[in-house]
Each structure stands twice: as structure tokens, then as C-alpha cells.
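The structure under discussion appears below in the form of C-alpha cells.
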Amino acid sequence: MAVAAARVPAPTGAAELIDRIESLRRLRNAVILAHNYQLPEVQDVADLVGDSLNLSRQAARTSADVIVFCGVHFMAETAAILSPGRTVLLPDLEAGCSLAETITAAQLRRWKAEHPGAVVVSYVNTSAEVKAESDYCCTSSNAEAVIRAIPADREILFCPDMFLGAHLERVTGRRMHVWMGECHVHAGIDAEHLEATRRRHPDAELLVHPECGCTSSTLYRVGRGDIPGPSCVVASTEGMVRRAAESPARTFIVATEVGILHRMRQQSPGKRFLPASEDAVSPYMKRITLEKVARALERMSPRVTVPEEVAARARRALDRMVAITG
Ligand code: CIZ
């Protein structure tokens with residue numbers, strides 16, 4: 001999680017928009033959060049840039065009356081769950097998440113009924129209602145710790161990302177029932193493309209998000225030496241940003257949504273960051289623009305709310321995760 005770095009000079013028009021956002025931010029006592037996958041200019045106007053859970057937790061610690069979440073719908077819901085009583089704005093309500101939409105609360109209830117007594121672990125990319133039906137929530141950075149904390153004799157239902165689920169089964173050695181959901185952006189980053197980029201840049205370190213469809217095969221092929229070069233690091237978005245700053249490598253091939261490259265380039269200006277796929281662009285994330293941020297602050301809408309009964313149960317799943325991972 002980083003405070004947004006120095007702003008790049010913006011063209012006129014954009015500069016006026018940024019001034020408008022600054023005045024409205026003060027007027028509304030708002031904090032602006034931008035997910036790592038947001039457009040560069042949206043990241044630059046934000047108070048905080050990071051992953052969805054850290055952003056929501058940080059926002060809860062501020063004294064802001066209004067939280068503007070520049071991200072997708074489930075992220076704004078998480079902010080509302082952790083900051084009851086505050087106004088949460090999502091500048092475009094159409095900013096959804098293909099992965100979160102792969103499972104509804106009703107589907108999860110049916111799955112639970114087929115496995116009575118199983119422990120339900122839901123990835124943060126789920127609706128508030130799905131979190132409310134879960135025993136634990138997890139993020140890509142702490143999912144392994146959450147799975148390891150569950151007694152070995154308990155059956156686990158993991159949802160909704162099948163690639164993260166497969167990765168967790170591999171690293172923990174634990175068998176789970178895994179929901180067959182995927183994020184279409186990460187699923188679309190294919191191993192051949194990644195390998196071709198690595199062949200062109202043999203000294204580049206590979207940073208791979210566990211939601212990618214190519215994670216298992218890439219780790220396997222790197223391990224066997226089929227893809228020569230430095231090791232492959234599987235990490236959450238925050239883990240990737242941290243690794244890029246700390247690693248001795250000078251070039252990185254980044255397998256996740258391309259928006260993160262902006263933050264990596266700001267934090268590690270002397271290093272080179274290449275996308276594993278130029279096409280790894282989330283149309284949902286890119287729905288948030290400076291115009292929409294300004295409009296949301298002017299109109300105090302669109303708002304995202306979570307009924308308290310749902311929020312309380314979802315918070316319990318988040319609290320259980322925090323009890324394990326801190
Ligand atoms: O929760 C997030 O921000 C997501 C979707 C991924 C990550 O690895 O940070």
C-alpha cells in the first residue's frame with residue numbers, strides 16, 4: 001500500500017478536473033482509494049493505492065466521512081462492511097467483476113448443503129452476500145495461511161477462483177473442493193505468450209498472480225528448467241509491487257492486469273516492467289475515469305451499501321481471517 005506518488009503534469013482539461021476533485025475531496029471530507037489496476041491518472045489523484053482489502057482497512061482508520069472507491073463493486077462493498085455508517089461511492093456502478101459474478105449466495109448455500117460441516121473459504125473477490133455465507137475470507141496474499149490454519153480433518157469448500165484454488169492445493173498439499181470460477185483477464189494470460197516474452201528477455205524475473213491460468217504450468221516449466229532465467233515469483237498485487245522494489249533483477253515480466261505497471265514504474269523508476277500480455281486489461285476497472293470521480297463527489301452518488309445483517313456476517317468472515325493473518 002502506498003500513498004500516491006508525485007503527480008505527472010496533466011494536460012489542461014485534466015488539470016481542471018484534478019482541481020475540481022481536490023476541492024470536492026476537501027468539501028466532502030473524502031478519502032479517494034484506487035486499486036492497483038486503475039488507470040494511471042486515477043491512481044495519481046488517489047490518497048491511497050493498493051489492493052482491495054488493505055485499502056478498505058486503511059480507509060476505516062481515517063476520519064473521512066466519504067470513501068470514494070476507484071475499483072470494482074465487491075471492493076466498495078468491502079469498504080462499506082469495514083466502515084459502517086460512512087458513505088461509500090463507486091464512481092461507476094457498472095464496474096463489476098467477472099470472477100465475483102461466478103458464484104451467488106444461493107449457489108454457495110446449495111454447495112454447502114451438499115457438504116454439511118465443510119469449512120467455507122471465500123476469496124475477497126466475492127459479493128458481500130457470499131462473504132456472509134462463508135467461514136473465512138482470504139486474499140491472494142494470505143490464502144495459504146488461512147488454508148493451513150484449518151484443521152486437517154475438515155473438508156474445505158474454496159471459492160470462487162479455480163486457479164488460486166489449484167495453486168493453494170499445490171503449495172499446501174491440501175485437497176479441497178474448488179469452485180470452477182475464473183477471472184477472464186487472468187485466465188486469458190497464456191503460458192505460450194509469457195514464455196515468448198521471457199525468451200525475448202531472458203534476464204527478466206517473472207511475477208505471476210495466482211489467479212492466472214498459466215501459474216501451475218509456468219512454475220512447473222521454470223522448475224524443470226524449460227524456461228531458463230531467474231525464478232518465478234507467485235504473488236498478490238501488493239506482493240508483486242514489494243518484490244519488484246526489493247529484487248536485484250532489473251527487468252520484470254508481470255502476469256496480471258496491466259494497471260499495476262504504473263505503480264511499479266513509479267516505485268522502482270530505474271527498473272523495466274513488461275506485461276506478460278498487453279491484452280490483460282480489465283474493462284471493468286477501466287470504467288472509472290477522473291470525470292466519474294468528480295461527478296460522484298459532486299452528486300454523492302452512486303453509493304454502495306450493504307444491509308447491516310449481511311455486513312455483520314461478512315465482517316465475521318473477515319475478522320476470522322484477520323485473527324489468523326493479522
Ligand atoms: O484484492 C485485490 O486487490 C485483488 C483482486 C488482488 C490482489 O492480489 O491484490
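Laid out as a table, the results:
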read-out	value
Residues of segment 174-193 classified as assigned to a helix (DSSP H, G or I) and surrounded by fewer than 24 Cβ atoms within 10 Å (Cβ to Cβ), total	5
Odd one out for S247, checked against (1) in contact with a helix residue (DSSP H, G or I) (Cβ under 7 Å, 6 or more places away or on another chain); (2) more than 22 Å from L168 (Cβ to Cβ); (3) not hydrophobic (A, V, I, L, M, F, W, C)	(1)
Helices (runs of 4 or more DSSP H) contained entirely in segment 194-311, each with at least 1 residues that are within 16 Å of the ligand (Cβ to nearest atom) and not assigned by TED's automatic domain parsing to the domain that holds L24	215-224, 237-246, 260-267
Residue under evaluation L99, criteria (1) open to solvent by 40 Å² or more (accessible area, probe 1.4 Å); (2) touching a residue at least 60 places away in the same chain (Cβ under 8 Å); (3) under 17 Å from D161 (Cα atoms), criterion not met	(1)
Meets criteria (part of a loop (DSSP other than H, G, I, E, B) and either modelled with pLDDT under 95 or within 14 Å of the ligand (Cβ to nearest atom) (or both)) for T62	no
Of all residues making up segment 291-312, the number that are farther than 19 Å from A64 by Cβ and surrounded by fewer than 16 Cβ atoms within 10 Å (Cβ to Cβ)	5
Within segment 13-37, considering residues that are charged (D, E, K, R) and either out of contact with any strand residue (DSSP E or B) (no Cβ under 6 Å at 6 or more places or on another chain) or within 16 Å of the ligand (Cβ to nearest atom) (or both), the one farthest from N125 (Cα to Cα)	E16
Per-region count, segment 38-59, residues open to solvent by 10 Å² or more (accessible area, probe 1.4 Å), away from the ligand (no atom under 12 Å from the Cβ) and not charged (D, E, K, R)	4
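The values are calculated or read from the model by the stated rules, or taken from the named source; none is laboratory data. Keep in mind it's a predicted model, so treat the numbers as computed, not measured. Note that each Cβ is placed from the backbone with ideal geometry, even for glycine, and that neighbours are counted across all protein chains shown. Quick note on the areas: whole protein, heavy atoms, side chains included, nothing else; ligands and nucleic acids left out. Shrake-Rupley method; radii C 1.70, N 1.55, O 1.52, S 1.80 Å.
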